[in-house]
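The values are calculated or read from the model by the stated rules, or taken from the named source; none is laboratory data. Fair warning: this is a prediction, and the values are worked out from it, not measured in the lab. Quick reminder, even Gly has a Cβ in these numbers, built from the backbone with ideal geometry, and neighbours come from all protein chains shown.
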Amino acid sequence: MSATTLTLSSKNYSSWSLRGWLMVKLAGIPFEEVMVPTGSADARAELLLISPSILVPCLTHGKAKVWDTLAIGEYLNEIAPKAKLLPANPVHRAHCRAICGEMHSGFSAMRASLPMNLKAQIKDFKVWSKAQLDIARIQDIWKDCLSTYKGPYLFGKQPTMADAMYAPVATRFHTYGVELDPVCQAYVKQILSMPLMKAWIQAAQAEPEDIEELEMEF
């Protein structure tokens, strides 16, 4: 087995797996994927957001083992600084950390009502009022960053840790047809057009298993 591995769960449903995978890919570090079966009770608990993220994603790099997504991003920025997962400017870097932290610990209503499901395309989806507040806040974050750093990514011309953190949100907005400000809609398109995102989505769509608890009926 490779000295560098990343433990993942379902590519269709696991937003945290996507975040960690994108960060390692953006860092340019070769690694081997280790998939946790979604039949595992612990893995299902993480996917259903009723357990802290311990299993996935988990990066093993030499003697280092890092299992929190923010910690993975910080670690990768230290060992692969040329990838610029965090901005070089300390003020911009603090801003990036702040919005990454907000994504890491917030937006629970949006997460609960719009679970990630890359195979689905939902029409006429009614967003709950609490989730709509989360969506409005996310749009404010995106518009502020895109205006301040001039895009097309949140902190400028290349994707950073922040884009990895918000990439699953972009997929959710696409899956559920969420109405967005034109600037934010363009950002969603930018994220979904990334070759790395296309590769992940293709792999997700090829997964045979479904998790009933995360399938919504309309």
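Numbers below:
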{"quantity": "Odd one out for Ile72, checked against (1) β-branched (Val, Ile, Thr); (2) surrounded by 14 or more Cβ atoms within 10 Å (Cβ to Cβ); (3) out of contact with any helix residue (DSSP H, G or I) (no Cβ under 9 Å at 6 or more places or on another chain)", "calculated": "(3)"}
{"quantity": "Condition met for Cys96 (of a type outside the set (Gly, Ala, Ser), in contact with a Ser or Thr (Cβ under 8 Å, 6 or more places away or on another chain), at pLDDT 95 or above and outside any loop (DSSP other than H, G, I, E, B))", "calculated": "yes"}
{"quantity": "Qualifying residues in region 6-31 (those that are within 20 Å of Leu114 (Cα to Cα) and among the charged types (D, E, K, R)) - the one surrounded by the fewest Cβ atoms within 10 Å (Cβ to Cβ)", "calculated": "Lys11"}
{"quantity": "Region 118-152, residues that are in a helix (DSSP H, G or I) and either over 29 Å from Pro87 (Cα atoms) or touching an Asp or Glu at 6+ places or on another chain (Cβ under 6 Å) (or both)", "calculated": "Ser129, Lys130, Ala131, Gln132, Gln139"}
{"quantity": "Candidate set: region 153-165, residues that are touching a Leu at 6+ places or on another chain (Cβ under 7 Å) and in a helix (DSSP H, G or I); chosen: the one surrounded by the most Cβ atoms within 10 Å (Cβ to Cβ)", "calculated": "Met161"}
{"quantity": "Those residues of region 136-151 which are more than 18 Å from Arg111 (Cβ to Cβ), basic (Lys, Arg) and in contact (Cβ under 8 Å) with a residue 24 or more places away in the chain, in sequence order", "calculated": "Lys143"}
{"quantity": "Single match in Gly101, Gly177 (criterion: part of a loop (DSSP other than H, G, I, E, B) and small (Gly, Ala, Ser))", "calculated": "Gly177"}
{"quantity": "In region 173-218, the residues that are at pLDDT below 95 and exposed (fewer than 13 other Cβ atoms within 10 Å of the Cβ)", "calculated": "Gln205, Ala206, Pro208, Glu209, Glu212, Glu213, Glu215, Glu217, Phe218"}
{"quantity": "Selection within region 3-40 - under 17 Å from the mean Cα position of the chain (by Cα) and without any contact (Cβ under 8 Å) to a residue 12 or more places away in the chain", "calculated": "none"}
{"quantity": "Contacts under 6 angstrom Cβ, first residue in region 161-179 being in contact (Cβ under 8 Å) with a residue 60 or more places away in the chain, partner of a type in the set (Ser, Thr, Tyr), 6 or more apart", "calculated": "Asp163/Tyr153; Pro168/Ser15"}
{"quantity": "Condition met for Leu114 (surrounded by 14 or more Cβ atoms within 10 Å (Cβ to Cβ) and closer than 20 Å to Leu8 by Cα)", "calculated": "no"}
{"quantity": "First in region 94-120 and under 15 Å from Ala167 (Cα atoms) and not assigned by TED's automatic domain parsing to the domain that holds Ser10, second anywhere and among the polar types (S, T, N, Q) and modelled with pLDDT under 95, Cβ under 6 Å, 6 or more apart", "calculated": "Met116/Ser15; Leu118/Asn12"}
